[in-house]
Amino acid sequence: MEKLIDIRGVRHTFRTRTGPLPVLDGLEVAVDEGGFTAVVGPSGCGKSTLTRLIAGLLIPDEGEVRVHGERITGPRANVGMAFQNPVLLEWRTILRNVLLPLEIVPTKLPKRDQEARARRLLSLVGLEGFEDRRPSELSGGMRQRASLCRALIHQPEVLILDEPFGALDAFTREDLWQTMHEVKRNEPFTGVLITHDLREAIFLADRVVVLSGRPARTQYVLDVPDTGPRDLDHLYTPEATEMLNILRHQIEIAEGRAAEEPATAHPAPPPGAAARGMH
Ligand SMILES: Nc1ncnc2c1ncn2[C@@H]1O[C@H](COP(=O)(O)OP(=O)(O)OP(=O)(O)O)[C@@H](O)[C@H]1O
Ligand SMILES: [Mg+2]
């Protein structure tokens, strides 16, 4: 399968008022076309910086970021982004909020099809009937659903989700996980999900990348086996528990709470799961 996103040997240092801050050092992330990669790592290690690299909003000091084999040299329009805070515009209806990117990003979609697409996306995430409401009339979970539609409206090549469910309560979050699967079935995309929630990572993604503490390098990569349509019960299987244990241990290493061991010393990956340390 073609690597849609290919990040190799990336190093980057921010020049701050208090001196240089090395933030990425040895970042390697490959995402297949149609793949969904979750990125986890300690707070402040450089996860959001990684999303800015993919969107072309940041050019690294060293290394390469390629999308479709093409080296990224500036901001890219063909990326959809959703964040923890959905930042919808209160003076626009939900429908007009979803349509906003099409007013900014060049689109091949004829005008008459734009609204139909926005309505279809809203219906896909369960917001049919809320098209003419204002953001403040919606719950947090509903606002996040609308923000997802806005990120997808221009059929982006890459969908970047930076802790999109982080501010939601556990039940709403799990509902949205299921919505995400539904969306991916109907609107295929290549996705990168930043999250602090390991269950979310293995429920949604087909690969989980663990970043080390700052400066972040790719510390560990876990491939999540494809076991067909996922439901929440999958999170309670022995295979899922094993994967969560591996990831939890890797996070402890990344946070400096556990010593790094040779890759072979890790518990055996669950059957079918390919886990590999990157040292
Ligand atoms: N433009 C910038 N200039 C200077 N420093 C920056 C800039 N952007 C980010 N940083 C610093 O780089 C580090 C990594 O930031 P980043 O936002 O990528 O972390 P993160 O992993 O997303 O954190 P969190 O989990 O808290 O969201 C932080 O120390 C941050 O203060
Ligand atoms: Mg962040």
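FYI, it's all coordinate maths here, none of it is from the lab. Keep in mind the model is a prediction, meaning the values are calculated, not measured. All Cβ positions, even for glycine, are placed from backbone atoms using ideal geometry, and neighbour counts span all protein chains on display.
Kindly establish whether Leu27 is touching a strand residue (DSSP E or B) at 6+ places or on another chain (Cβ under 7 Å) and either near ligand 1 (Cβ under 10 Å from one of its atoms) or without any contact (Cβ under 8 Å) to a residue 40 or more places away in the chain (or both). Judged against the criteria, Leu27 is not a match. When the residues of region 192-217 are filtered to those that are within 13 Å of ligand 1 (Cβ to nearest atom) and among the hydrophobic types (A, V, I, L, M, F, W, C), the one that is farthest from Leu161 (Cα to Cα) is Ala216.
Could you please tell me which pairs satisfy a Cβ distance under 8 Å, a separation of 6+ or placement on different chains, a first residue in region 97-125 that is within 17 Å of Glu187 (Cα to Cα), and a second residue that is of a type in the set (Phe, Trp, Tyr) and in a loop (DSSP other than H, G, I, E, B)? Listed by first residue and then by second, the contacts come to Leu122/Phe130. The residues of region 104-121 that are surrounded by 15 or more Cβ atoms within 10 Å (Cβ to Cβ), part of a helix (DSSP H, G or I) and not charged (D, E, K, R), listed by number, are Gln114, Ala118, Leu121.
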